[in-house]
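Below: the structure, in structure tokens.
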Amino acid sequence: MDLSEALYTTRAMRRVKPDPIPDEIVARMLDAAIRAPSGGNAQNWRMVVVDDEQLRSQLGPVYREAYHELQERAYAGRREAAAKGGDVTTLRVMRSSDWLAENFEQVPLWLVFFTRNDPTGASIYPAVWSAMLAGRGGGVGTCLTTILGAFRSAEVFDLLDVPVDKGWQLAAAVSCGFPLGRWGVAERAPAEQVSYHNRWGEGLGFPVEGPLWP
């Protein structure tokens, strides 16, 4: 797959089929992940591939608890405000997130990423993104979530037999499956609106007439 196509079309694909993902694709995702840069080349990462049906059935309720807590705390009132304001985009994203929570067990594979001595995540998220790009190359849709680490880390450690005395932190869980929807370039605010030149607030001075692919 062309690099630009992968970069421009790898977006959150939460609705996926229950079909299993071939081992060779998972292997490519893991191998791509470990090629990512990390601070001091420390490579303080661990990845757990979760495809066991019984384990997913145990993690599903934990994820939903974390998701509901997120809605009640960080996103309190957001859904209602979006509905009142006619914010179709936000409502669509929230419905998609609802689907992922409700169908956690149907997602055929989850990649759970752990890191240590990495308070900013700068040494783990490049690996996560590389795995997601590699998944896109194999036709696999992915979605990065952090709510398990934020709200139910202890439960996940227990279910996955992660040692609790080695400094590991749950950085991300990535859903993986062949998408029910279509690939496409995500709509975003123009680069000129979020980018400056040399100093905050200074215009770029050159156009970014995106999307620049295809």
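Quick note: the coordinates plus some simple rules give every number you see, no bench work behind them. A quick note: this is a predicted structure, and the numbers were derived from the prediction, not measured. Neighbour counts are summed over all protein chains in view; Cβ atoms, including those assigned to glycine, are modelled from backbone coordinates with ideal geometry.
Data for the structure
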| item | result |
| --- | --- |
| Cα-centre dipole for the chain with unit charges at Cβ (Lys and Arg positive, Asp and Glu negative), debye to 20 | 440 debye |
| Gyration tensor verdict on the chain (Cα atoms; rounded if a/c is under 1.5, prolate if a/b is larger than b/c, oblate otherwise) | rounded |
| Bridge type composition, segment 3-187 - antiparallel percent by DSSP, nearest 5 | 95 percent |
| Cα Rg, Dmax, segment 1-108, angstrom units | 17.5, 48 |
| Computed over segment 49-146, the ratio Rg/Rh where both radii use C-alpha atoms and Rh is Kirkwood | 1.00 |
| Cα gyration tensor shape for segment 53-96, rounded if a/c is under 1.5, else prolate or oblate | oblate |
| Mean separation of Cα contacts under 8 Å (6+ apart) over length of segment 62-166, as relative contact order % | 38 percent |
| Segment 3-187 - percent relative contact order, Cα under 8 Å, separation 6 or more | 42 percent |
